[in-house]
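The values are calculated or read from the model by the stated rules, or taken from the named source; none is laboratory data. The shown structure was predicted, so the numbers you read here are calculated from the model rather than taken from an experiment. Counting neighbours? That spans all protein chains shown, and the Cβs are built from the backbone with ideal geometry, glycine included. With ligands, DNA and RNA removed, areas are computed over all heavy atoms of the protein, side chains included. Shrake-Rupley method; radii C 1.70, N 1.55, O 1.52, S 1.80 Å.
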Amino acid sequence: MSAEVMEVGGGSSPSTAVARGRHGTALFWSELHLVFGRARTWVLLGVLAVVPVIVGVAIRLSGSEGDAQGFLGQVAGNGFFLIVASLALSLPFFLPTAVTVISGESLAGEASLGTLRNLLTAPAGRSRLLAAKMVALAVFCLAATLTVWLAGLIAGFVLFPVGDVVLLSGSTVSLADGLVRALGIAVLIAASLIGLAAIGLFVSSLTSTPLAAMAATFSAFIVSGILGAIPQIDVIHPWLLMYGWTSFADLLRDPPYWDEIVRNLLMQGAYLAVFYAAAWARLTSRDING
Amino acid sequence: MVTRGLTKRFRGGQVAVNQVDLEVPAGSIFGFLGPNGSGKTTTIRMLLGLIAPTAGTVELLGQPMPKAQLSVLPRVGALVEGPAFYPFWTGLANLLRFDAADAMADPWTRKLRAGEALERVGLSNAAGKKVRAYSLGMRQRLAIAVALMQRRELLVLDEPTNGLDPQGTREVRLLIRELAGDGTTVFTSTHLLAEVEQVCTHAAVMSQGRLVRQSTVADLRAELRPRLIVRTPDLGLAAQTLSGLGVTDLKQSADTVDGDPGELPIDKLAAALVTADVRLHGFTLERPSLEEAFVALTGEGFDVAE
Ligand SMILES: Nc1ncnc2c1ncn2[C@@H]1O[C@H](COP(=O)(O)OP(=O)(O)OP(=O)(O)O)[C@@H](O)[C@H]1O
Ligand SMILES: [Mg+2]
């Protein structure tokens with residue numbers, strides 16, 4: 001739509017000045033405000049921030065390296081690995097739970113409060129509202145993984161010695177290089193959650209009950225996990241939501257091993273496209289009775 | 001605002017709105033009446049593009065809905081089926097969000113306009129309070145404030161005075177008059193017929209999904225024929241005399257006789273009764289209220305029609 005001049009009437013009060021043009025980004029900022037202006041969101045982020053602390057304190061108190069494998073085994077020697085270990089440990093449960101809660105709430109929450117009708121008569125535009133919701137979900141995914149990254153960084157530095165990072169491929173890089181790679185991992189994991197967020201958004205467009213949307217989204221996640229654990233159907237495994245979730249570790253090779261990372265990003269993009277389109281089809285045709 | 005053959009059949013087969021042809025003239029204050037469940041809110045949802053009509057068309061400010069909603073709705077203030085807000089946010093924050101949802105709203109004056117809207121509905125003192133802690137009437141006022149955030153060409157209000165105290169109801173009445181004076185068309189559903197008589201220029205009445213009447217309030221009132229009410233102990237004699245003079249539709253109760261005097265001169269009727277030795281304890285000409293017209297149009301039954 002072209003920028004229009006809207007006559008808001010005469011008079012002397014400031015509000016009756018002539019407003020010009022479109023201010024399409026305001027809704028996006030408002031969505032972020034809605035997601036991050038709620039205590040619930042900060043509780044979820046707080047829980048995520050606690051993960052590295054608990055892991056770090058447990059390892060520190062045990063006083064030994066035990067026979068832990070992988071990233072966990074390296075934490076005591078180099079606090080840097082607490083970041084990576086915490087991200088890896090949050091991925092199977094805490095991060096998906098947080099994304100499920102926020103995405104299930106997104107449209108169903110508005111429908112149950114009745115605020116959806118205020119937004120649509122404002123008018124927000126159904127397509128634009130959906131886009132704003134999805135962008136806010138993506139930002140939340142990123143905020144969630146960055147929270148773990150930051151909490152892991154602080155706890156790792158406080159509890160353990162830190163130093164140069166030995167990569168999976170055997171070579172050694174500087175701590176700064178390692179931290180940037182860990183940041184990259186946080187971004188990749190956030191991207192890995194996009195598919196789930198899109199599923200949540202779609203389910204949320206179906207109902208006016210946020211809890212039902214959350215439960216259904218989480219069920220979809222669990223079912224996907226169960227299917228991934230059945231070897232007899234391994235032909236479908238490469239197409240499951242979580243198939244490429246562990247690809248982030250390939251960033252800790254020198255040079256990084258991109259194939260699986262790119263494949264995972266494409267898969268998440270495909271999930272996003274399918275479920276976003278479904279949510280759009282649903283929202284743009286739905287009767288708003290609430 | 002014009003609708004043609006507007007119809008909504010819900011899943012399950014119920015026809016909540018049936019072939020409604022509304023015509024709301026620009027500049028009018030239009031009262032939209034009807035018993036509970038008669039289809040007012042459903043009609044309003046279709047006007048605003050919240051639900052899709054099963055059949056029929058809606059034209060809002062000269063443009064087709066819901067096709068033109070993004071260009072039309074910024075010029076329309078709406079309150080649909082009671083207040084709906086984020087309870088964990090303040091009244092002010094709620095107003096700002098709904099205004100931000102409108103891409104045509106000026107962000108630079110948003111706070112200022114919110115302050116003015118809150119003042120107009122008498123909520124300035126509660127602006128910083130969480131909506132969770134608002135009373136029903138305060139929420140209703142906040143919902144009206146949402147519609148008042150911008151200068152509008154049309155206001156669509158679904159029971160705006162629901163839950164308001166007498167002062168609030170009065171304020172809303174004055175507000176509607178004031179807005180209409182500035183050229184805003186106001187379309188409001190309500191159950192308060194006294195309000196309609198006082199402020200509305202036009203009215204439409206819904207009954208079981210159908211539009212049973214639509215006209216100016218002046219016409220509605222003109223059609224309400226005044227009734228002659230005679231209070232007397234001599235019921236039979238009075239009825240006989242009046243009937244002889246041409247008064248029709250006579251009815252007797254415990255101590256009154258009433259009837260339709262038509263165009264007969266009232267003073268002559270009184271004189272005739274006195275001449276006939278009817279003891280007059282009372283002699284009045286009563287103009288029925290809109291309420292009676294409403295009941296006549298929609299039926300006496302109290303049960304919600306299904
Ligand atoms: N989503 C829906 N699904 C099925 N039937 C519905 C739905 N919404 C409303 N109805 C039915 O449509 C009819 C009209 O309802 P509507 O809300 O329009 O009435 P109303 O005139 O606004 O009543 P009130 O004065 O009580 O507000 C009612 O019989 C109601 O049961
Ligand atoms: Mg209603």
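How many of the residues in region B:58-78 are at the interface with another protein chain (Cβ under 10 Å from one of its Cβ atoms), open to solvent by 10 Å² or more (accessible area, probe 1.4 Å) and closer than 21 Å to A:Leu283 by Cβ? Residues meeting the conditions: 5. Considering the conditions (1) modelled with pLDDT under 95; (2) closer than 30 Å to A:Glu31 by Cα; (3) aliphatic (A, V, I, L, M); (4) within 16 Å of ligand 1 (Cβ to nearest atom), B:Met104 is excluded by exactly one of them, (4).
Against the numbered list (1) assigned to a helix (DSSP H, G or I); (2) within 8 Å of another protein chain (Cβ to nearest Cβ); (3) open to solvent by 40 Å² or more (accessible area, probe 1.4 Å), B:Lys111 comes up short only at (2).
Please verify whether B:Gly122 is on the phi > 0 side of the Ramachandran plot, open to solvent by 50 Å² or more (accessible area, probe 1.4 Å) and either in contact with a helix residue (DSSP H, G or I) (Cβ under 7 Å, 6 or more places away or on another chain) or at pLDDT below 90 (or both), treating the condition exactly as stated. Yes: the conditions hold for B:Gly122.
Considering region B:141-164 alone, what residues qualify as being assigned to a strand (DSSP E or B) and β-branched (Val, Ile, Thr)?
Step one: filter region B:141-164 for residues assigned to a strand (DSSP E or B), giving B:154-158.
Within region B:141-164, just B:Val156 meets the criteria.
Taking region B:87-102 as the region of interest, how many residues are more than 28 Å from the chain's Cα centre (by Cα), touching a residue at least 12 places away in the same chain (Cβ under 8 Å) and at the interface with chain A (Cβ under 8 Å from one of its Cβ atoms)? It would help to see each step written out before you state the result.
Taking region B:87-102 and keeping what is more than 28 Å from the chain's Cα centre (by Cα), we get B:87-90, B:92-93, B:96-97, B:100-101.
Keeping just the survivors that are touching a residue at least 12 places away in the same chain (Cβ under 8 Å) gives B:87-90, B:92, B:96.
Now narrow it down to the ones that are at the interface with chain A (Cβ under 8 Å from one of its Cβ atoms): B:87-89, B:96.
Residues that pass the stated criteria total 4.
Is there any pair linking a residue in region B:243-259 that is over 16 Å from B:Glu286 (Cα atoms) to one that is basic (Lys, Arg) and exposed (fewer than 12 other Cβ atoms within 10 Å of the Cβ), with Cβ under 9 Å and at least six apart or on different chains, and which? Taking only residues 6 or more apart or on different chains, the pairs are B:Leu245/B:Lys268.
Report those helices (runs of 4 or more DSSP H) wholly inside region A:77-150 carrying at least 2 residues which are over 30 Å from A:Gly178 (Cα atoms) and acidic (Asp, Glu). Steps first, answer last, please.
Working: elements: A:80-90, A:94-113, A:115-121.
Here the list reads A:94-113.
Across region B:30-57, which residue is farthest from the other protein chains (Cβ to nearest Cβ) among those that are open to solvent by 10 Å² or more (accessible area, probe 1.4 Å) and in a strand (DSSP E or B)? The residue in question is B:Thr57. Per the listing A:Ser106, A:Ser112, the residue uniquely open to solvent by 30 Å² or more (accessible area, probe 1.4 Å), at negative phi and within 14 Å of chain B (Cβ to nearest Cβ) is A:Ser112. The condition of being open to solvent by 10 Å² or more (accessible area, probe 1.4 Å), within 22 Å of B:Leu136 (Cβ to Cβ) and either within 16 Å of ligand 2 (Cβ to nearest atom) or part of a helix (DSSP H, G or I) (or both) holds for only one of B:Ala93, B:Ala16, that being B:Ala93. Quick check, is A:Thr246 open to solvent by less than 70 Å² (accessible area, probe 1.4 Å), of a type in the set (Ser, Thr, Tyr) and on the phi < 0 side of the Ramachandran plot? When the stated conditions are applied, A:Thr246 does not pass them. Can you spot a residue in region A:227-242 that is in contact (Cβ under 8 Å) with a residue 12 or more places away in the chain and surrounded by 21 or more Cβ atoms within 10 Å (Cβ to Cβ)? Looking for residues that are in contact (Cβ under 8 Å) with a residue 12 or more places away in the chain and surrounded by 21 or more Cβ atoms within 10 Å (Cβ to Cβ), one finds at least one in region A:227-242, hence yes. Summed over region B:29-57, residues that are within 15 Å of ligand 1 (Cβ to nearest atom), within 17 Å of A:Thr284 (Cβ to Cβ) and either outside the structural domain of B:Arg11 (by TED's automatic domain parsing) or among the small types (Gly, Ala, Ser) (or both) total 1.
Against the numbered list (1) away from ligand 1 (no atom under 16 Å from the Cβ); (2) within 25 Å of A:Trp29 (Cβ to Cβ), B:Ala26 comes up short only at (2).
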